[in-house]
Amino acid sequence: MAHVPAAERRPQLVQAALDLMTREGIAAGSTRAIAAELGVAQATVHYTFGTKKDLYRAVVEQLTADFIGQVRAASPGDGPFGEQVRTLVHALWEAATGEAGRCVLLTEFGALAMRDPDLQEIMRGLQREVEGTATEMLTALAEAHGLALAMPAREIAVHFLSGFDGLTARYLALRAPGAQPDADTLRALDLLVATTVGLCLGEPARTG
């Protein structure tokens, strides 16, 4: 492969690592395997990423950017506040679970972080960014409706994301290959939307 400047090689290696780990798991992401994925020398990976922590950070940052970018690109559509929240939540669900392996990969990183201080620091950064994005989007949606939230937007966002993380974990544990989310999962997602909207409005959740 022809010489490529380091500034261009880095995103190529991150994408190669992301593709490989998505297919085969984090454990498969050795520098040798990542180099083979892109068709470069193993030394190129070591030169571009001084440590495995640097590589992991870059992969998680790319995962986070892709995830947040997909959610931000979703349109809440027209309609009342509650219906727009529901539309955005379902866009978030699709971003989290729609691309095979990506949600699993983030879950793998989270599990490894429980015993790895370096990964803990990386995953804390991801969590802060996701919570900040949810807070920002909820605030903007409320302002667009001229709505004063009954609770601080960040508290609502943290409550929602805690429930959402639990639902995605359940989905990963119970899903069959190629199957759509089961009725219980979809119902629980609707209940989460209803309770979140209730917290926003200061009203009891109406679950239908």
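The values are calculated or read from the model by the stated rules, or taken from the named source; none is laboratory data. Remember, predicted model here, so these are calculated numbers, not experimental data. Cβ atoms come from the backbone with ideal geometry, glycine included; neighbour counts cover every protein chain shown. When the accessible area is computed, the model is the full protein with side chains, heavy atoms only, and any ligands, DNA or RNA have been set aside. Shrake-Rupley method; radii C 1.70, N 1.55, O 1.52, S 1.80 Å.
Here are some notes:
- Pairs linking a residue in the stretch 62-73 that is under 16 Å from E131 (Cβ atoms) to a residue that is among the polar types (S, T, N, Q) and surrounded by 13 or more Cβ atoms within 10 Å (Cβ to Cβ), with Cβ atoms under 9 Å and 6 or more positions apart or on different chains, are I68/T133; V71/T133; R72/T133.
- Reported count of residues in the stretch 57-91, each being assigned to a helix (DSSP H, G or I), surrounded by 15 or more Cβ atoms within 10 Å (Cβ to Cβ) and either touching a strand residue (DSSP E or B) at 6+ places or on another chain (Cβ under 8 Å) or of a type in the set (G, A, S) (or both), is 3.
- Any chance T51 is hydroxyl-bearing (S, T, Y), more than 30 Å from A134 (Cα to Cα), surrounded by fewer than 19 Cβ atoms within 10 Å (Cβ to Cβ) and at pLDDT 90 or above: no
- Qualifying residue in the stretch 156-178 (condition: of a type in the set (D, E) and in contact (Cβ under 8 Å) with a residue 40 or more places away in the chain): no
- Exclusive hit being closer than 19 Å to L88 by Cβ, assigned to a helix (DSSP H, G or I) and either touching a residue at least 12 places away in the same chain (Cβ under 8 Å) or open to solvent by 70 Å² or more (accessible area, probe 1.4 Å) (or both), set L138, L119: L138
- Options E94, E108; residue that is in contact with a Gly (Cβ under 8 Å, 6 or more places away or on another chain), in a helix (DSSP H, G or I) and either at pLDDT below 90 or buried (at least 18 other Cβ atoms within 10 Å of the Cβ) (or both): E108
- Residues located in the stretch 39-48, provided they are open to solvent by 40 Å² or more (accessible area, probe 1.4 Å) and not hydroxyl-bearing (S, T, Y): G39, A41, Q42, A43, H46
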